[in-house]
Amino acid sequence: MPLQFIKHSGSEFDVVIMCVPKAAPMLLTRNLLYTGITRARELLIIIGDSRTLGYMIKNVDSKKRNTGLKYKLCHATGTGDF
């Protein structure tokens, strides 16, 4: 059976394995770490460097997401506003 990656917004799992690689600082946020931790019911395994994990704990910055969704919806309807 192939490994599947499925979005489970708000779901919990008995076991969560969270990989914390060295990545762009904007991706290493406390919010992401919190999400991973709170999804585990019984066991949480974090794989990564302790310095990166420490950075995530201290990084409370949250970036505004610029998806362009409002623009796309406005122009998809042809009305120009939404």
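The values are calculated or read from the model by the stated rules, or taken from the named source; none is laboratory data. Small disclaimer: the values here were computed from a predicted structure and weren't measured. Cβ placement follows ideal geometry from the backbone for every residue including glycine, while neighbour counts extend to all protein chains displayed.
Okay, here's what the table says:
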quantity: Subset of the stretch 19-42 [of a type in the set (D, E, K, R) and within 13 Å of the chain's Cα centre (by Cα)]; calculated: ARG30, ARG39
quantity: Pair list, Cβ under 6 Å, 6 or more apart: the stretch 10-36 residue more than 13 Å from GLY54 (Cα to Cα), other residue loosely packed, with under 11 Cβ neighbours inside 10 Å; calculated: ASP14/GLU42; VAL15/LEU43; ILE17/ILE45; CYS19/ILE47; MET26/LYS63
quantity: Conditions (1) touching a Lys or Arg at 6+ places or on another chain (Cβ under 8 Å); (2) among the β-branched types (Val, Ile, Thr); (3) modelled with pLDDT of 95 or more: number failed by ILE57; calculated: (3)
quantity: So LEU73, is it part of a helix (DSSP H, G or I), in contact with a helix residue (DSSP H, G or I) (Cβ under 6 Å, 6 or more places away or on another chain) and surrounded by 11 or more Cβ atoms within 10 Å (Cβ to Cβ); calculated: no
